[in-house]
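Enquirer: So that we are looking at the same thing, I have put the structure below in structure tokens.
The values are calculated or read from the model by the stated rules, or taken from the named source; none is laboratory data. Here the structure is a predicted model, which is why all the values come from computation and not from measurement. Cβ coordinates were reconstructed from backbone atoms using ideal geometry, including for glycine residues, and neighbour counts include every protein chain displayed.
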Amino acid sequence: MTRRAPAPLTNDPLTERALSWLVHLHSGDETAQDWDDYHDWKMAHPSHAEAAARAEHVWSRLGPALKPPRRLARRAAGTLAVCLVLSGGGALAVGAFPGWFADQATGLGEIRTVALDDGSSVVMDSDTRFDIDFTAPQRRLRLFDGQIFVTVAADAARPFIVEAGGGEVQALGTAFNIRHDGTKTAVSVTEHAVRVSLTKPAATVDLAQGHGVDFDPATGLGRPHAVDVENVTAWRRGEILFDGRPLGAVVAEMGRYRRGAIFFTDDRLKHLPVTGMFSTRDADEFFMALEKTLPVRVLRLPYLTLIRPRDN
């Protein structure tokens, strides 16, 4: 007898319930009794079994990318223990894990201002880490990942430099924004000027107020371009503006401010254009706006959000 394939995922409460079960059963907090209860729920009615088949089909497509926070924490703890053993139980060789022990760090959704000893200030975006290295000849920050807005206190005798992504940004004035995500780094100047330098490949450019530049090790230093300062720094107010950005990029950006994984059941949805101003503090509002303006439905579960085509 040929087994019938699961029906497509729909806006069905039973399927949502089955997905909730699966999220919990792979959370790291599950027990043997939980698995028994899930099996009993599936067997309680044919509609439950069909819903479970749909949910399990979706889950299998997501694959190993789903790693709930608790399990990640346990894995990180295990890695840390191995590092301690390899380093003789003493000082940890942190070079292999840049940012793990940064001087300053923010959590998901956290925006915080740090006052530096020289009178400068740094506004940190969500999920951001950097080190501080102030010496007599210079002031230096090392941005591991995330986004910061720097207001620099004047001190001609001590240059202010931010390292990120293989490059350096030296303040020639007052304020600038810098974001480092993966390998790409973006710099925008809001007041006066900065000097951006790369060593490999060697390149230098001076940026004036209202201009920005991107760089990464693979492609080098890009061309300076005009930027909308208000839009670039809107994150400091808890807002992000998108103007025709693909939904996939928008979701990735908003995902920096909330816990859990976000997946598309149909990759074609990632190319839908999105325009609007959204609050980084209200994920519900963001997903509701998507459902109102785009042909999508959003299913939100603990640690998991699924974006799928709207039912016809």
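Enquirer: Considering only residues that are surrounded by 12 or more Cβ atoms within 10 Å (Cβ to Cβ) and under 18 Å from the mean Cα position of the chain (by Cα), look in the stretch 278-295 and name the one that is nearest to Leu241 (Cα to Cα).
Expert: Phe278
Enquirer: Out of all the residues in the stretch 283-311, which are of a type in the set (Ser, Thr, Tyr) and modelled with pLDDT of 85 or more?
Expert: The answer is Thr293, Thr305.
Enquirer: Quick check, is Asp243 surrounded by fewer than 18 Cβ atoms within 10 Å (Cβ to Cβ) and not hydrophobic (A, V, I, L, M, F, W, C)?
Expert: Yes: the conditions hold for Asp243.
Enquirer: Of the residues Asp206, Asp266, which single one is surrounded by fewer than 18 Cβ atoms within 10 Å (Cβ to Cβ), at pLDDT 90 or above and touching a strand residue (DSSP E or B) at 6+ places or on another chain (Cβ under 9 Å)?
Expert: The unique qualifying residue is Asp206.
Listed here are the residues, each with its yes/no results for (1) buried (at least 18 other Cβ atoms within 10 Å of the Cβ); (2) within 23 Å of Asp228 (Cα to Cα); (3) among the aromatic types (Phe, Trp, Tyr).
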position	(1), (2), (3)
Ser121	no, yes, no
Phe134	no, no, yes
Ile148	yes, yes, no
Val152	yes, yes, no
Gly173	no, yes, no
Thr185	yes, yes, no
Val189	yes, yes, no
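Enquirer: Would you please list the contacts, defined by Cβ atoms under 6 Å and residues six or more apart or on different chains, that run from a residue in the stretch 162-191 that is over 16 Å from Arg223 (Cα atoms) and modelled with pLDDT of 95 or more to a residue that is aromatic (Phe, Trp, Tyr) and assigned to a strand (DSSP E or B)?
Expert: Hits for this filter: Ala171/Phe160; Asn177/Phe149.
Enquirer: Something else: What residue, among those in the stretch 111-147 that are under 12 Å from the mean Cα position of the chain (by Cα) and in a loop (DSSP other than H, G, I, E, B), is farthest from Ala175 (Cα to Cα)?
Expert: By that ranking, first place goes to Asp127.
Enquirer: Moving to a separate point now. Since Phe215 meets every condition but one in (1) out of contact with any Leu (no Cβ under 6 Å at 6 or more places or on another chain); (2) buried (at least 17 other Cβ atoms within 10 Å of the Cβ), which condition does it not meet?
Expert: Condition (1) is where Phe215 drops out.
Enquirer: How many residues does the stretch 253-279 hold that are without any contact (Cβ under 8 Å) to a residue 40 or more places away in the chain, assigned to a strand (DSSP E or B) and not polar (S, T, N, Q)?
Expert: So the answer is 4.
Enquirer: Quickly run through the stretch 254-312 and pick out the residues that are acidic (Asp, Glu) and within 30 Å of Met124 (Cα to Cα).
Expert: Asp282, Asp284, Glu285
Enquirer: If Ser279 satisfies every condition in (1) of a type in the set (S, T, N, Q); (2) out of contact with any helix residue (DSSP H, G or I) (no Cβ under 9 Å at 6 or more places or on another chain); (3) within 24 Å of Gly146 (Cβ to Cβ) but one, which is the exception?
Expert: Condition not satisfied by Ser279: (2).
Enquirer: How many residues does the stretch 22-49 hold that are out of contact with any Lys or Arg (no Cβ under 9 Å at 6 or more places or on another chain) and assigned to a helix (DSSP H, G or I)?
Expert: Of the residues in that region, 17 qualify.
Enquirer: Check Val250, Val229, Val196, Val298 and return the single one that is free of Cβ contacts under 8 Å to residues at least 40 places away in the same chain and more than 21 Å from the chain's Cα centre (by Cα).
Expert: On inspection, the qualifying residue turns out to be Val196.
Enquirer: Which residue is nearest to the chain's Cα centre (by Cα), if the candidates are limited to the stretch 163-173 and must be within 14 Å of Ala193 (Cα to Cα) and among the aliphatic types (A, V, I, L, M)?
Expert: Ranking the candidates gives Val169 first.
Enquirer: Shifting gears a bit: Within the stretch 180-239, which strands (runs of 3 or more DSSP E) (wholly inside it) include 1 or more residues that are closer than 19 Å to Phe144 by Cβ?
Expert: Numbers: elements: 184-191, 193-199, 202-208, 211-216.
So the answer is 184-191, 193-199, 211-216.
Enquirer: Do any residues in the stretch 123-143 that are on the phi > 0 side of the Ramachandran plot have Cβ atoms under 6 Å from those of residues that are surrounded by fewer than 16 Cβ atoms within 10 Å (Cβ to Cβ) and assigned to a loop (DSSP other than H, G, I, E, B), where the two are at least six apart or on different chains, and which pairs are they?
Expert: Going by the 6 Å Cβ cut-off, the qualifying pairs are Asp127/Leu108.
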